[in-house]
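Enquirer: Following this message is one structure expressed as structure tokens.
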Amino acid sequence: MEAVMTLINQAERIMVLTGAGMSTESGIPDFRSAGGIWTEDTSRMEAMSREYFERRPRDFWPKFKQLFQMKMSGSYEPNAGHKYLADLEKRGKQVDIFTQNIDGLHRKARSSSVYELHGSIQTAACPRCGARYGLSHLLKEEVPECTAETGDHAVCGAVLKTDVVLFGDLVQHFETLYEKLDKADLLLVIGTSLEVAPARFVPEDVSRIPGLKQVIINLEPTYCDHLFDLVIHEKIGEFAKRISAAT
Ligand code: NAD
């Protein structure tokens, strides 16, 4: 505990890379652990692809809503881990969070610099005219459509595309992640198996940046634990409570 506290206390600019494990203690299942959402039904992965959306947009939305029903309800709350990261900012640290999660919990915990690599469940856009819509519109109809008026007073009517990055879509903010890494003193990797590209390449790239320390806090070992300066196999909520009590 002392070693990680020293690294955090000494760092002025902290970069954080989070994954689904960040939110399991808020009640949201992760990706691949036993009972995780993709272990139950692999056909879901195919349905959550860009290719499926483009082929069958009207079939996509009921499946999407069924899978993300709870996250779309906004009923989840940040846990001690999200709150700890938000508190670090109050202690004067620059904390930039790059998350693979789409649940919005870092923002809900009031972290101010959050980059959602895999997009957000809160919004969608019209693939035809670009009009943007929030969650309330997405929840009104089973298949949300664009209600923007076209020039001849007709309604666009195209099926909206979620802002969640689907399989086959490009990950967002990745250039910014590397820009911020160049200026960071410390990288905290939290609650991710690091199996999903491009996040999986970050620890190896970081190990080549002189002076940049990296710490992983993850329940289970990952394939690249050996690249980290410190490895902590613990639940993030428990870790956050312990470190907060010791600070
Ligand atoms: P993953 O499921 O592959 O790995 C999660 C890791 O977190 C596991 O190694 C597990 O041991 C660890 N973990 C679980 N609970 C933990 C806890 N309380 N504290 C610390 N570690 C814990 O998830 P990933 O690497 O983020 O995979 C990426 C994909 O999962 C992304 O595409 C992401 O969009 C998606 N996803 C997001 C959410 C969400 O928004 N909350 C939920 C499920 C999946």
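Enquirer: Of (1) touching a Ser or Thr at 6+ places or on another chain (Cβ under 6 Å); (2) modelled with pLDDT of 95 or more; (3) within 15 Å of the ligand (Cβ to nearest atom), Ala124 satisfies all except one. Which?
Expert: (3) is the only condition that Ala124 fails.
Enquirer: Looking only at helices (runs of 4 or more DSSP H) that lie completely in region 63-138, which have at least 3 residues being touching a residue at least 12 places away in the same chain (Cβ under 8 Å) and over 17 Å from the mean Cα position of the chain (by Cα)?
Expert: 80-90
Yes/no matrix, rows are residues, columns are (1) at pLDDT below 95; (2) under 23 Å from the mean Cα position of the chain (by Cα); (3) part of a helix (DSSP H, G or I); (4) within 10 Å of the ligand (Cβ to nearest atom):
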site: Ala3; (1), (2), (3), (4): yes, no, yes, no
site: Ile8; (1), (2), (3), (4): no, yes, yes, no
site: Met15; (1), (2), (3), (4): no, yes, no, no
site: Gly21; (1), (2), (3), (4): no, yes, yes, yes
site: Glu25; (1), (2), (3), (4): no, yes, yes, yes
site: Asp30; (1), (2), (3), (4): yes, yes, no, yes
site: Ser33; (1), (2), (3), (4): yes, yes, no, yes
site: Thr39; (1), (2), (3), (4): yes, yes, yes, yes
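Enquirer: Among (1) within 16 Å of the ligand (Cβ to nearest atom); (2) outside any loop (DSSP other than H, G, I, E, B), which single condition is Thr176 missing?
Expert: Against the list (1) within 16 Å of the ligand (Cβ to nearest atom); (2) outside any loop (DSSP other than H, G, I, E, B), Thr176 comes up short only on (1).
The values are calculated or read from the model by the stated rules, or taken from the named source; none is laboratory data. Keep in mind that this is a model prediction, so the values were computed, not measured. We place every Cβ from the backbone using ideal geometry, glycine too, and count neighbours over all the protein chains shown.
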